[in-house]
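Notes to accompany the following structure.
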4 protein chains.
Amino acid sequence: MLVVMKAHATEEQVRAVCERIESLGYRPHAIPGAQRTAIGITGNKGAMEAGALEEMSGVQEVIIVSKPYKLVSRDVKEEDTVINLPGTDAAVGGRELGIVAGPCAIECREQAFAIAERVAKTGARFFRGGAYKPRTSPYAFQGMGEAGLKIMAEIRDRFGLRIVTEAIDNESLDLVAEYADVVQIGARNMQNFSLLKKAGKIRKPVLLKRGMSATLEEFLMAAEYILSEGNYEVILCERGVRTFADHTRNTLDLSIVPAVQKLSHLPILVDPSHGTGKRDKVLPLSRAAIAVGADGLIVEVHHDPDRALSDGMQSLFPDQFDELMAEIRQIAPVVHRTLQEPLRQPVVAKAGK
Amino acid sequence: MLVVMKAHATEEQVRAVCERIESLGYRPHAIPGAQRTAIGITGNKGAMEAGALEEMSGVQEVIIVSKPYKLVSRDVKEEDTVINLPGTDAAVGGRELGIVAGPCAIECREQAFAIAERVAKTGARFFRGGAYKPRTSPYAFQGMGEAGLKIMAEIRDRFGLRIVTEAIDNESLDLVAEYADVVQIGARNMQNFSLLKKAGKIRKPVLLKRGMSATLEEFLMAAEYILSEGNYEVILCERGVRTFADHTRNTLDLSIVPAVQKLSHLPILVDPSHGTGKRDKVLPLSRAAIAVGADGLIVEVHHDPDRALSDGMQSLFPDQFDELMAEIRQIAPVVHRTLQEPLRQPVVAKAGK
Amino acid sequence: MLVVMKAHATEEQVRAVCERIESLGYRPHAIPGAQRTAIGITGNKGAMEAGALEEMSGVQEVIIVSKPYKLVSRDVKEEDTVINLPGTDAAVGGRELGIVAGPCAIECREQAFAIAERVAKTGARFFRGGAYKPRTSPYAFQGMGEAGLKIMAEIRDRFGLRIVTEAIDNESLDLVAEYADVVQIGARNMQNFSLLKKAGKIRKPVLLKRGMSATLEEFLMAAEYILSEGNYEVILCERGVRTFADHTRNTLDLSIVPAVQKLSHLPILVDPSHGTGKRDKVLPLSRAAIAVGADGLIVEVHHDPDRALSDGMQSLFPDQFDELMAEIRQIAPVVHRTLQEPLRQPVVAKAGK
Amino acid sequence: MLVVMKAHATEEQVRAVCERIESLGYRPHAIPGAQRTAIGITGNKGAMEAGALEEMSGVQEVIIVSKPYKLVSRDVKEEDTVINLPGTDAAVGGRELGIVAGPCAIECREQAFAIAERVAKTGARFFRGGAYKPRTSPYAFQGMGEAGLKIMAEIRDRFGLRIVTEAIDNESLDLVAEYADVVQIGARNMQNFSLLKKAGKIRKPVLLKRGMSATLEEFLMAAEYILSEGNYEVILCERGVRTFADHTRNTLDLSIVPAVQKLSHLPILVDPSHGTGKRDKVLPLSRAAIAVGADGLIVEVHHDPDRALSDGMQSLFPDQFDELMAEIRQIAPVVHRTLQEPLRQPVVAKAGK
């Protein structure tokens, strides 16, 4: 912490601030400048509340300096975290891009299988689908619940795809953790600290979406909640933030990808579907996300989006998803990444065993 | 919903859109204009997904018209909702301003009682204090839990103040609803739909804070979740939104007060403490909140803010809170409101019974 | 400036940063902390570019500490600036509230006189009206130009109102400064530095509106441009900023009023008309602006807003403006302000001389 | 325009609104719905002011439907605009990416030449450099003025690079238009309509940067100002917008690239230097900008950024710019673009003639 004194602050005022800092158990370091004095504060008692000093006579401003995150930081762990899904080749954060695709919500077995088959063929290794849906309106479709989870478990068996699906409260978390390979925590729950703590106690990787107006620091602190409970497998995900701009549903903030990578060892995906809210923007922003250096994508795909029970407007048709995969496959080498080749033989074979 | 066609859209394209609308079970109304045709959509099947039409040839844009909220709307109930606290004169939404004051967090019995005594003397009828604290950092003080709730119950008995305190998850909600008079749902949980639904099933009034980047519609829809489960006693609360502005912690959006009052029958308070994050801004913004027409305030007061375990920077000293009450007492008549007179006799008398 | 080193920075890295600071002509002050070292920088050479240090090994972050404004600051002039309009009782920044009212644009003599008569009767001392209009569309009404200025000069003679009107470029500035009592610079030109410099050379007060996304610092620096050229009579004006919120055209940021008053000696008005963009929000936000402590208001009034050539949606009817004045007259004493009494005798009398 | 009536609006209220619309010279189209009636408005008189209807009894909301831009729209011109620089191979908007690079400000002849030589070698065809600098502080370096323009004219002769430089007011515009190949209008002047009109009268292409909080519509309308005066050669440029996010100086909004391309025929560049404000973010965001489909980049390059007189923090070292060009050269084919090969022979040769 740094206290900046006013230009006209007297020596007594500077001394009084220093004494107050000492009385609170910290050590003051006065730095006299040409125009004004600044006072650095050190100590190993943890963060000091700025309010103790901000209103003293002669004080202009108090500036917070230390960053509050620890376990998510490269200060603690320098090398990138790679999250391997046990018993498979699938991983997030390694050299191969992690691609997650599927419908916004699981609506029925036929829908889910139709989409999963197409997703698997492209070379994606992860399938997404909501069983519990956080909807703005209480009158909108709220998801199939456990029945949806069971369908996804079947999809894992049949197509070999790893399952990513959202838990929306402590109750659904247990069930989701049982069925899913990766547990998603949505943007609206990014600061549901009770849920974060509980997610820190499960033994499955967690995909944590950035809140709609979360700063980088808040985003990392939300992840810190999970790590601090012992679960180190967190995948971050940028999904657009709320701004004044109205040509997309959210403003996709791709600059957070290199910013996260500088400060943290955790992998980060990009969600161009929620990030734009418009189908015709998903493909260009997917290319951009890979080019900026993201560890992968999470994309909504639906075989009949006009009749989708949620978010149809932003879901790709399967053919568009094929095109997306073809294009990012071309960009991957530029950022030293790879992508699994599309599958030739019928995926169904895999289900034979 | 309204479909706006491109300037050069052909008659066939217009016809195709109309047919698509009919095939989805709605009724199209083509409105030929000077430059382009628009197509209105009606039907009683509930909302249509815009995606079904947005990508058809000749379509420029699809505009959503209907508002999704029902029970919170003045369309359903024209007169203001007044929330009376049983067995007391305290109310929110009536002629008397509802003033809620107290520390950010309950830290110990002595602290809470010292503050409550001062709050009661000013004429405020509600005491706030956090027992469960949603903190950005997992390493920060997380609240006293049930022990804090018990201290607040004692404060109710002793000073006759009604208790407002936050529930942060389904687990704490039951306990909070047992001890508190009004259950608060914080800004970070405004779209924790699971918690909202559960809050709709309790029989205590709910104070719902606006999320950091919630639109008016999302705010009302969050309240709709509570009402839709049968709890009609919801108090809304503006507490500042996130913007680029950096001279306050959040940007207090006072214009939402008349905007809510136009659309909804629910009462709305203003929180100038979180809304500004700075002690010296709380008093002027409190005056402004009353002048704009809010039904009351929720304010942080602490007798020793420098040593407060959370949010000390934005807590008023008790003397400043006295001044605040004196000033809003002068503004109240301009907006046809009243405020309980400050108490002369020792508040302790009340505890005698 | 303060350089924050990484937790693991070596002594050599700290030393290298200190040497770099010295080589650039400044003085480093290393402050070893529990977790990391910070290095304060002082010197009287003016601001240093952070880039020189930000990318050195071991550097975590560079924090700018000094504020760049000088003449607008209370560091330079502690007492409030009061701007007196020569030859009149009108002033801005003193005990009496400064109220500016009138149509968005001067459309014709009849319109302007009809509105001015009503404005004068209420006790307002300033008349606003645009002769040069910055419009989003090149096809919209762009103002009457000098003919509009002449009408306003007549209004000054007839009703004794001081004239506030906007200059939109260096060309119009000369003409506006000749006719007007106060020259307005609009939000879109807040960082038109060429215009600001020229406004610093005229000998009329300047009303400077906050840009749509200007921080407090940028706002004060824009004023600094005017003062730095020798014109110390600047009136600031909050008129709403751009945010995600869509229930008003802009989000009126009333907290900037006390924030400006803390840092600067310049007076500040509030524009609730542009600040909300909706007629039914102007009255409540005007009350709030006075209650928060603003030095006055600038309000759009039109006798036939449905046919106004610009901004009709946010213009008050004259009767609504009467009500506004009556209400803020009640709030004024709470903030130790006064307001001229409404005029009883026909204003026209004044024109008799 | 569309008027949405309240759920309980009476038939008389609907009729009154229709009559009012007719009395203003437009045609109403009532669309009765299940819950409420909507009224479409058509007519060829140009836009109607919503205020005329918004406050009538029974009216819930008025929605603006028509878009106000004309000449910039694909409705008027379907094919992409390609801006060719006469007498050269340089172009913007065609198959070859348009790359503009150079220092923020021209500081002296040596600096400018040193940078230009490196820029030319990479295969970029445009050189940028500020002679007139819009600076937040009046005390900061304001540019070399005409002397800077002369240096850039020499650079054109010597290296064959086309010159892009900013005009900040009507006065500098004439001079800039004389020396430059492309005249830049900066973000702070995007709604300086006086300057836009004057730029519409010159016969040089104009590079128009998006304002810090400009919506897509306002951005296109600013371009419309230029086109409406007869200059059809406008290059748009995204340079980051202002949001709450603080990990970059601005939030680069890449989604506006496909959004512009859908609505307008004008080309659009991306400025990753101002868009991020941090050197280490320029390279990843440049890759992303090309991948999203932009027509090119404008990038700050400086051979000694630590001593740059402005924006050193975001300027690339020449070696980093070489790397940038190498990387986007790999991405170009994915988006069906090309890039001029880096030059082998000394660029100086060209100056020989």
Estimate the FRET efficiency between residue B:113 and residue B:246 by the formula 1/(1 + (r/R0)^6), using the beta-carbon distance for r and 41 Å for R0, to the nearest 0.05. 0.65
Taking Cα atoms, how many degrees apart are the long axis of helix A:11-23 and the longest axis of chain A, rounded to 10 and kept between 0 and 90? 60 degrees
Place the label 7 angstrom along Cα→C-beta at residue B:114 and in each other copy, then list the distances from the first to the rest in nm, shortest first. 6.2, 6.5, 6.8
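With r defined as the distance between the Cβ atoms of residue D:63 and residue A:201 and R0 fixed at 56 Å, what FRET efficiency is calculated, to the nearest 0.05?
Working: r = 48 Å, r/R0 = 0.86.
Once the sixth-power term is evaluated, E becomes 0.70.
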Under 5 Å between amide hydrogens, which residues at least 5 positions from residue B:237 or on another chain qualify, with H placed 1.01 Å from N in the peptide plane? B:208, B:210, B:269
Restraint check, B:198/B:281; A:67/A:198; B:121/C:262, Cα-Cα greater than 26 Å: B:198/B:281; B:121/C:262
Determine the dipole magnitude for chain C: charges of +1 sit on the beta-carbon of Lys and Arg, -1 on that of Asp and Glu, nothing else is charged, the reference point is the Cα centre, and the result goes in debye to the nearest 20. 440 debye
Virtual spin-label span in nm between residue B:89 and residue A:262, 7 Å along Cα→Cβ: 5.9 nm
On a 0 to 90° scale, report how tilted helix A:318-331 is relative to the longest principal axis of chain A, with both axes built from alpha carbons and the result rounded to the nearest 10. 50 degrees
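What is the average number of partner chain Cβ atoms found within 10 Å of a Cβ in B:211-218? Present the calculation step by step, with values, prior to reporting the outcome.
On the way: counts 6, 8, 11, 5, 6, 4, 4, 4.
Counting Cβ atoms of other protein chains within 10 Å of each residue's Cβ and averaging gives 6.
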With point charges of +1 on the Cβ of Lys and Arg and -1 on the Cβ of Asp and Glu, referenced to the Cα centre of the stretch C:83-351, which listed residue (C:291, C:216, C:320) lies farthest in the positive direction of the dipole? C:291
Of D:69, B:139, how do they rank once you tally other Cβ atoms within 10 Å and put the fewest first? B:139, D:69
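As a test of the formula, what do you get for chain D when each DSSP H run with n ≥ 4 contributes -39,500 (n - 2.57) and the sum is divided by the residue count, at 222 nm and rounded to the nearest 500 deg cm²/dmol? Mind dumping the intermediate values first?
Details: 12 runs with 120 residues, N = 353.
Mean residue ellipticity at 222 nm (helix-derived): -10000 deg cm²/dmol.
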So which residue, out of A:254, A:309, A:149, gets the largest mean-square fluctuation from a GNM of chain A using Cα contacts under 10 Å as springs? A:309
Output row for residue A:23: copy-to-copy label distances, label 7 Å along Cα→C-beta, ascending, in nanometres, one decimal, is 4.5, 7.1, 7.8
Give me, ordered by chain and number, the residues 5 or more places off residue A:96 or on other chains with an amide H under 5 Å from its own placed amide H. A:338
How about residue A:6: which aspartates and glutamates have a C-alpha closer than 14 Å to its C-alpha, ignoring those fewer than 8 places off in the same chain? A:54, A:55, A:61, C:75, C:78
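Give me the orientation-averaged projected area of the Cα convex hull of chain D, in nm², one decimal.
Numbers: hull surface 83.5 nm².
One quarter of the hull surface, i.e. the mean projection, equals 20.9 nm².
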Over all residues in B:157-165, what is the mean tally of Cβ atoms on other chains that come within 10 Å of each residue's Cβ? 0
Taking the radius of gyration and the Kirkwood hydrodynamic radius from Cα positions alone, what is the Rg/Rh ratio for the stretch B:173-241, to two decimal places? 0.94
For the stretch A:272-294 and the stretch A:192-253, compute the distance between their C-alpha centroids and round to whole Å. 18 Å
Angle in degrees between helix C:216-228 and the longest Cα principal axis of chain C, rounded to the nearest 10: 80 degrees
Counting other chain Cβ atoms within 10 Å of each Cβ in A:20-27 and taking the mean gives 1
Cα centre as origin, Lys/Arg/Asp/Glu Cβ charges: the protein assembly as shown dipole, Debye: 0 debye
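Can you give the FRET efficiency for residue D:79 and residue C:307, using 1/(1 + (r/R0)^6), R0 = 35 Å, r = Cβ-Cβ distance, to the nearest 0.05? Don't skip to the answer; put the middle values down first.
Numbers: r = 41 Å, r/R0 = 1.17.
Working from the Cβ atoms, E equals 0.30.
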For a test of the definition: using alpha carbon positions, the gyration tensor, and the 1.5 limit on a/c, classify the protein assembly as shown as rounded, prolate or oblate. rounded
Which of the aspartates and glutamates could a cross-linker bridge to residue C:204, judged by Cα under 17 Å and excluding same-chain residues fewer than eight apart? C:89, C:166, C:169, C:171, C:174, C:178, C:181, C:224, C:229, C:233
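Each reported figure results from applying straightforward, stated rules to the coordinates on display, with no laboratory input. Since the model is a prediction, treat every value here as computed from it, not as a measurement. Glycine gets a Cβ as well: all are built from the backbone with ideal geometry, and neighbour counts include every protein chain shown.
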